[in-house]
1. Could you tell me which residue of the stretch B:36-62 is farthest from ligand 1 (Cβ to nearest atom), considering only residues that are on the phi > 0 side of the Ramachandran plot and under 14 Å from the mean Cα position of the chain (by Cα)?
2. Quick one: would you say A:G317 is within 30 Å of A:A8 (Cβ to Cβ), out of contact with any Leu (no Cβ under 9 Å at 6 or more places or on another chain), open to solvent by less than 30 Å² (accessible area, probe 1.4 Å) and not hydroxyl-bearing (S, T, Y)?
3. If you check B:E19 against the conditions, is it away from chain A (no Cβ under 14 Å), surrounded by fewer than 21 Cβ atoms within 10 Å (Cβ to Cβ) and either acidic (D, E) or near ligand 1 (Cβ under 9 Å from one of its atoms) (or both)?
4. Go through the stretch A:200-226 and count every residue that is under 15 Å from A:R69 (Cα atoms) and not polar (S, T, N, Q).
5. Taking A:A353, is it more than 16 Å from ligand 1 (Cβ to nearest atom), modelled with pLDDT of 95 or more and in a helix (DSSP H, G or I)?
6. Residues that are more than 9 Å from chain A (Cβ to nearest Cβ), under 27 Å from A:A4 (Cβ atoms), within 16 Å of ligand 2 (Cβ to nearest atom) and of a type in the set (S, T, Y): does the stretch B:95-108 have at least one?
7. Here is a list: B:R127, B:R88. Which entry is farther than 19 Å from A:V379 by Cβ and outside any loop (DSSP other than H, G, I, E, B)?
8. Pull up the stretch A:169-202, narrow it to residues that are surrounded by 17 or more Cβ atoms within 10 Å (Cβ to Cβ) and over 29 Å from A:R348 (Cβ atoms), then point me to the one that is nearest to the chain's Cα centre (by Cα).
Amino acid sequence: MTLASLAARNLLRNKVRTSLTLLGVAVAVVTFLLLRTVVAAWTGGAEFAAKDRLVTRHKVTFVMPLPKRYIEDIRAMPGVKASTYCNWFGGKDPKHEREFFGQFACDDGYFDVMSEQQVSPEELAAYKADRTGAIIGESLAHVMGWKVGEVVNLETGIYPADTPWTFTIRGTYRATSRNVDKSSFFFHWDYLNQALPEARRDTIGWTISRVDDPARTAEIGVAIDRAFDDKDTQTLSQDEHTFQASFLAGFSAVLHAFDAISLAILLIMTLILGNTIAMGVRERTQEFATMRAIGFMPAHLRWFVVGEAGVLGLFGGALGVAIAFPLIQGMLGRFLEENMGNIFPVFRLPFGATVAALGLAVALGVAAALLPARTAARVKVTDALRKLA
Amino acid sequence: MNKPDDILIRLRGITKTYERGGESLCILESLDLDVPRGSFAALMGPSGSGKSTLLNLIAGLDKPTAGTIDIGGERIDKLSEARLAKFRASSVGFIFQSYNLLPVLTAAENVELPLLLAPVAASERRRRAQTALRVVGLEDRMDHFPRQLSGGQEQRVAIARAIVNDPLLLVADEPTGDLDRKSADEILTLLETLNEKLGKTIIMVTHDPAAAARAGVIHHLDKGRLSVEAHGEVHA
Ligand SMILES: Nc1ncnc2c1ncn2[C@@H]1O[C@H](COP(=O)(O)OP(=O)(O)O)[C@@H](O)[C@H]1O
Ligand SMILES: [Mg+2]
């Protein structure tokens, strides 16, 4: 037997109370982590956004296309390093009517500009060599069960055709940044364009450009829009980061409220732990007096109480993380990313917050125990022992 | 072994007053007491006469308002709280009326408890606890928890805990107060044995004349004063 094992036994003495306290701490930790995850998911998109990328689209709406020749003008703009373009296809696989995924007809330079979507050189070469080739996201391949080499037929109301559009999967892309969609379907813009009736050819949905100097992204965007100001079709260029930041600004009050609630939850956790520890100490006054009579020092008792609280905080915190992990990472995160991906592109437990929650559970347990520990250390031995007789 | 001049406990001019509601209450008044090494002394007196107070002073749990306490050559009335705790750990074995075992520890672990304060290896702690439990006749109850023991057995575990670090002195405050006659007799016989066979000096507070009769000498405490009664006599 050691002092530590004695402390551990004390935790197990009142199993119901200890369990309820652990559960209370765990619920507080789960709630805390949920809030931190929401905040991180909201602000995270802006942090992940490439600061050197510009999206240029029709000034009025996304749905209206730009003339294809605009891409040459944009590529010629000073400061623009590379530029690519895409069209929204909006198709469905008749065999998987209920599966929604984005399809984009893009220029072959797409994967150079979108470096977060990586394709192996061999697959990219095979894709470029096949007019009807397609590159799909790893998750999409997984969900649909599509393999490289497989032929896929898609139907779309936007580009009616007598026969379904036929594609051959030539490769998959891997997302190196978590906020990048992993379920998209890319194919050659040329394939789409050539199949269209004369009147609908040579239009593009939007362009994506990389600039030389991330500090000048906004400036270059303004220059692009100005260049098309007097043309028949005007443009709107936005960089990913400012777009997300302006979106977030509207939510700053909510985010502050979440911070305040997080603090309140930590306070509640401290009170739960403090209450349990204080109750345990009060019940054990006579045991502490006995230990003091036997020769234990006030410092022993102080460590005893503080250590007990720390362990309680640690186990409660660990239980909370153990619940939060599958809940947020598995169920909730996947659901939100799949169904509300535009608001929560990355709904994942932030590592820092997880470590912080564990650390805080221990630290606040210790803090909550300081007062009861003082009480234990100051037990008036003769008085406490007299009460027994 | 029991030389009359070999005094283990020497109290001189012990006064203890408590402040209560602004007035001071004198519980012990200029007491002198000598307890020879290896003796078994009983302390009797009416309830509230200050028996426990006196025992606590001797055991180093409390300090006198005035007077000197010498235990085995050490002036414990002058020790700091920390030194006093060390003194209790090494020199005093406590036996309480309500046993005061820790409910979360087994009998053997309860007995081991005082050894945690001494530089004793875990295996040695375990071995000494077993020896002490054998002395009190509970070697077959080592791994029982206090709630699984009878009152008499609990008190025997408490006695094992009190002797495990081989103290100079055993103090017992009404050790049979919560026990039936038969268990009480067993405890008293055990204390007698510890006194006679192991030479332990014992001071026992009791208000049971039958218990006091087991001791070699009976001190009476009344109205702050002590008087001695020779063995066998009835109350003065
Ligand atoms: N801390 C204290 N403050 C005030 N009075 C006390 C305190 N401790 C003991 N007393 C009083 O001292 C007297 C003696 O107490 P105690 O030694 O416990 O008596 P006994 O053990 O002989 O019954 C009692 O009247 C008790 O109320
Ligand atoms: Mg008493």
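The values are calculated or read from the model by the stated rules, or taken from the named source; none is laboratory data. Remember, predicted model here, so these are calculated numbers, not experimental data. With ideal geometry, Cβ positions are generated from the backbone for all residues, glycine too; neighbour counts draw on all protein chains shown. All accessible areas refer to the heavy atoms of the entire protein, side chains included, with ligands and DNA or RNA removed. Shrake-Rupley method; radii C 1.70, N 1.55, O 1.52, S 1.80 Å.
1. So in the stretch B:36-62, the residues on the phi > 0 side of the Ramachandran plot come out as B:38, B:45, B:48, B:50, B:60.
The next check asks that each one be under 14 Å from the mean Cα position of the chain (by Cα); those that pass are B:38, B:60.
On the way: B:G38: 25, B:G60: 16 Å.
It comes out as B:G38.
2. Working: within 30 Å of A:A8 (Cβ to Cβ): yes; out of contact with any Leu (no Cβ under 9 Å at 6 or more places or on another chain): no; open to solvent by less than 30 Å² (accessible area, probe 1.4 Å): yes; not hydroxyl-bearing (S, T, Y): yes.
Here the answer is no, as A:G317 does not meet what is asked.
3. Working: away from chain A (no Cβ under 14 Å): no; surrounded by fewer than 21 Cβ atoms within 10 Å (Cβ to Cβ): yes; either acidic (D, E) or near ligand 1 (Cβ under 9 Å from one of its atoms) (or both): yes.
Here the answer is no, as B:E19 does not meet what is asked.
4. Count: 9.
5. Details: more than 16 Å from ligand 1 (Cβ to nearest atom): yes; modelled with pLDDT of 95 or more: no; in a helix (DSSP H, G or I): yes.
No.
6. In the first step, residues of the stretch B:95-108 are kept if they are more than 9 Å from chain A (Cβ to nearest Cβ); the result is B:95, B:99, B:107.
Within this subset, residues satisfying the condition of being under 27 Å from A:A4 (Cβ atoms) are B:99, B:107.
Going one step further and asking which of them are within 16 Å of ligand 2 (Cβ to nearest atom), we end up with B:99.
Then drop every residue that is not of a type in the set (S, T, Y), which leaves B:99.
Yes, the conditions are met somewhere in the stretch B:95-108.
7. Numbers: B:R88 fails: farther than 19 Å from A:V379 by Cβ.
Result of the check over B:R127, B:R88: B:R127.
8. My answer is A:F187.
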